[in-house]
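Here the structure is laid out as structure tokens; the discussion comes afterwards.
The values are calculated or read from the model by the stated rules, or taken from the named source; none is laboratory data. This one's a predicted model, so the numbers in the text were calculated from it and none came from an experiment. Backbone-built Cβ (ideal geometry, glycine too); neighbour counts: all protein chains shown. SASA here: full protein model, heavy atoms, side chains in, ligands and nucleic acids out. Shrake-Rupley method; radii C 1.70, N 1.55, O 1.52, S 1.80 Å.
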Amino acid sequence: MTIGEQNGENRYQRLAERLASAIHAGTFPPGSRLPSLRRCAEAHQVSINTVLSSYQRLEDRGLIEVRPQSGYYVRTLLPTLHTPATPPQTVKAPSDTVLDLIDTVFATQTNPAFTNVSLACPQGIDFYPSGRLSKIMTSLLRQQPQLIGTYPLPPGNPTLRREIARRSLILGMTLQADNITVTHGCMEAIQLALRVVTRPGDCVGLETPTYFYLLPLLASLGLKALEIPTDPQNGLSLDALELMLSEKRLNAIIAMPTVQNPLGFSMPVAAKKRLADLVNTYQVPLIEDGLYAEIQFGKTLSPAVKSFDRGGWVIFCSSFSKTLAPDFRLGWVIGGRFTSALHKLKAVSSMSESGLLSETVAQFLESGGYDHHIRRLRRRYAAQVDAARALIAEYFPNGTRATVPAGGFVFWVEFPEQVDTIALFHRMLAENICVTPGTLYSPNSQRYRNALRLSCCYPFNARYTHALQRIGEVACEMSEIAPGLNAGQTP
């Protein structure tokens with residue numbers, strides 16, 4: 001079906017997405033000329049104005065550029081990372097340097113004077129359906145005033161658990177509401193899972209780089225971390241993991257197989273199947289962090305590893321904090337064979353979550369409002385990631401590389417070796433700009449010293465783009481390498 005034959009007013013958006021997919025797939029390679037406005041209009045049976053709007057949208061995303069008297073061309077794309085990290089095969093506790101940096105980064109989040117391009121905390125009311133949730137909550141209080149006078153009990157609101165079970169189908173999971181424990185966000189879900197399946201002194205396998213707040217969490221529970229080699233595009237090295245499992249070096253694993261933070265990859269489906277087979281064969285629990293699993297950019301969603309779990313050794317954790325209502329702090333854990341233990345531990349840890357907030361989210365899910373909202377978020381984040389990568393290609397030092405995320409709003413940037421991102425971090429703090437240096441994402445404070453994670457979950461306005469430009473300018477100064485992909489080696 002051509003774009004012109006489809007219903008709806010937003011034909012230019014659908015055409016832009018189709019052309020963006022073709023660019024990412026290499027159908028239109030970097031430097032190639034796009035079809036003229038007239039030819040594209042004829043091919044897709046739309047107006048020239050529709051094509052023009054589509055091309056302008058792609059230009060805003062940094063995917064194409066206009067050349068006067070010549071036409072529209074695909075921009076040179078930022079080089080991607082290919083080489084997997086090979087960490088030392090030693091058990092590490094997070095260094096004090098890493099923990100102190102994490103505290104400093106979080107402190108800037110509450111300071112309105114800072115421009116934050118680092119933390120994965122979407123900011124701005126337009127990222128959330130606040131108006132719709134407010135109306136639902138007001139109606140609930142009017143119709144069921146007893147909600148605020150009722151103590152909620154674990155494992156959580158039954159309507160919400162039923163809706164979570166229904167939504168799990170889109171990630172390939174077939175669940176019952178009884179499998180689900182409602183938690184205080186995703187971090188509590190992971191913490192509860194760790195407390196159920198490990199004991200102090202145990203060793204937990206982590207991707208490298210990994211989500212930085214897992215490091216102080218493991219330390220607080222008396223657990224050790226063992227980094228598993230991780231490919232920036234395909235995820236965990238399953239051969240390395242199998243060797244560790246066969247040597248009985250791991251008591252549990254934490255991983256984000258779908259839209260990983262900070263690299264942004266999604267493991268191929270075949271690799272997810274093998275990962276599920278490995279943890280079931282060796283009977284070592286996998287705590288699957290699915291926080292970004294619904295913010296995938298592809299037309300079809302990649303399934304969760306949990307969907308291939310035959311013996312209940314995969315524990316799936318997620319929440320609505322990144323997509324719906326961070327202040328509600330509603331998450332959940334799907335416990336598999338550990339469901340009963342998780343129910344009990346939640347009860348003695350924090351009892352249960354708000355019945356009013358749970359019922360509000362449940363009704364929003366049931367109405368279909370969440371489906372519409374998440375589709376809009378996927379389009380917005382895909383556009384903002386593309387635009388941020390285009391700015392990096394323009395302003396960061398020649399030789400900079402970055403991952404291409406499969407979804408979400410974070411990705412990994414690797415500078416030339418001359419750039420120490422801890423020094424860059426302190427330089428930018430002096431300008432009220434916060435970045436997260438790569439060393440935060442490993443227990444070893446000497447690793448990833450020329451890398452950082454960028455987040456695109458803020459309004460993409462002049463303040464945000466200026467911050468990226470300044471980061472690039474300071475990095476160029478530190479490295480004595482000129483900006484831009486085609487620049488020489490001296491400014």
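Would you confirm, using the coordinates I've provided, whether His426 is farther than 22 Å from Ser321 by Cβ and free of Cβ contacts under 8 Å to residues at least 24 places away in the same chain? Taking the combined requirement at face value, the residue satisfies it. With respect to the conditions (1) in contact with a helix residue (DSSP H, G or I) (Cβ under 9 Å, 6 or more places away or on another chain); (2) crowded, with 23+ Cβ neighbours inside 10 Å, Glu227 falls short on a single one, namely (1).
Looking at this structure, is Leu301 touching a residue at least 12 places away in the same chain (Cβ under 8 Å), aliphatic (A, V, I, L, M) and assigned to a helix (DSSP H, G or I)? When the stated conditions are applied, Leu301 does not pass them. When the stretch 384-401 is filtered for residues that are among the small types (Gly, Ala, Ser) and within 18 Å of the chain's Cα centre (by Cα), the ones remaining, listed by number, are Ala387, Ala388. The listed residues are Gly201, Gly131, and the only one of them that is open to solvent by 30 Å² or more (accessible area, probe 1.4 Å), part of a helix (DSSP H, G or I) and either closer than 30 Å to Arg376 by Cβ or of a type outside the set (Ser, Thr, Tyr) (or both) turns out to be Gly131. For Thr150, are the conditions met, namely being loosely packed, with under 14 Cβ neighbours inside 10 Å and either within 19 Å of Gly335 (Cβ to Cβ) or among the hydroxyl-bearing types (Ser, Thr, Tyr) (or both)? When the stated conditions are applied, Thr150 passes them. Return yes or no: is Gln363 within 18 Å of the chain's Cα centre (by Cα) and surrounded by 17 or more Cβ atoms within 10 Å (Cβ to Cβ)? It is false that Gln363 is within 18 Å of the chain's Cα centre (by Cα) and surrounded by 17 or more Cβ atoms within 10 Å (Cβ to Cβ). Considering the stretch 324-346, the residues that are within 20 Å of the chain's Cα centre (by Cα) and either assigned to a helix (DSSP H, G or I) or of a type in the set (D, E, K, R) (or both) include one that is surrounded by the most Cβ atoms within 10 Å (Cβ to Cβ), namely Phe328. Within the stretch 394-412, residues that are hydroxyl-bearing (Ser, Thr, Tyr) reach partners that are in a loop (DSSP other than H, G, I, E, B) with beta carbons closer than 6 Å, at six or more positions or on different chains, in the pairs Thr400/Phe415; Thr403/Leu81; Thr403/Pro232; Thr403/Leu263; Thr403/Gly264. For first residues located in the stretch 207-235 and touching a residue at least 40 places away in the same chain (Cβ under 8 Å), partners that are open to solvent by 30 Å² or more (accessible area, probe 1.4 Å) and of a type in the set (Asp, Glu) and lie 6+ apart or on another chain with Cβ distances below 8 Å form the pairs Lys224/Asp202.
Residues checked against (1) outside any helix (DSSP H, G or I); (2) at pLDDT 95 or above; (3) under 18 Å from Val279 (Cα atoms); (4) not small (Gly, Ala, Ser):
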| residue | (1), (2), (3), (4) |
| --- | --- |
| Arg142 | no, yes, no, yes |
| Val196 | no, yes, yes, yes |
| Leu206 | yes, yes, yes, yes |
| Arg249 | yes, yes, yes, yes |
| Ile254 | yes, yes, yes, yes |
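Please determine whether any residue of the stretch 310-331 is farther than 21 Å from Leu160 by Cα and hydrophobic (A, V, I, L, M, F, W, C). Checked against the condition, which is being farther than 21 Å from Leu160 by Cα and hydrophobic (A, V, I, L, M, F, W, C), the stretch 310-331 yields at least one hit. Taking the criterion of being farther than 14 Å from Ser445 by Cα, open to solvent by 60 Å² or more (accessible area, probe 1.4 Å), of a type in the set (S, T, N, Q) and modelled with pLDDT of 65 or more, the residues of the stretch 84-110 that qualify are Thr86, Thr110. Residues that are assigned to a helix (DSSP H, G or I) and touching a Leu at 6+ places or on another chain (Cβ under 6 Å) were ranked within the stretch 279-292; the one that is most open to solvent (accessible area, probe 1.4 Å) is Tyr282.
Taking the condition touching a helix residue (DSSP H, G or I) at 6+ places or on another chain (Cβ under 6 Å), of a type in the set (A, V, I, L, M, F, W, C), under 21 Å from Arg453 (Cβ atoms) and buried (at least 20 other Cβ atoms within 10 Å of the Cβ), does Ile180 pass?
Judged against the criteria, Ile180 is not a match.
Kindly indicate whether any position in the stretch 253-269 is over 13 Å from the mean Cα position of the chain (by Cα), under 24 Å from Val404 (Cα atoms) and open to solvent by 10 Å² or more (accessible area, probe 1.4 Å). Taking every residue of the stretch 253-269 in turn, at least one turns out to be over 13 Å from the mean Cα position of the chain (by Cα), under 24 Å from Val404 (Cα atoms) and open to solvent by 10 Å² or more (accessible area, probe 1.4 Å). Restricting the stretch 293-323 to residues that are hydrophobic (A, V, I, L, M, F, W, C) and surrounded by fewer than 21 Cβ atoms within 10 Å (Cβ to Cβ) leaves a set whose member that is nearest to Ile334 (Cα to Cα) is Phe308. Of the residues Ser340, Ser266, Ser319, the single one that is more than 22 Å from Leu214 (Cα to Cα) and at pLDDT 95 or above is Ser340. With respect to (1) open to solvent by 20 Å² or more (accessible area, probe 1.4 Å); (2) in contact (Cβ under 8 Å) with a residue 40 or more places away in the chain; (3) in contact with a strand residue (DSSP E or B) (Cβ under 9 Å, 6 or more places away or on another chain); (4) under 24 Å from Asp386 (Cβ atoms), the lone exception for Arg447 is condition (4).
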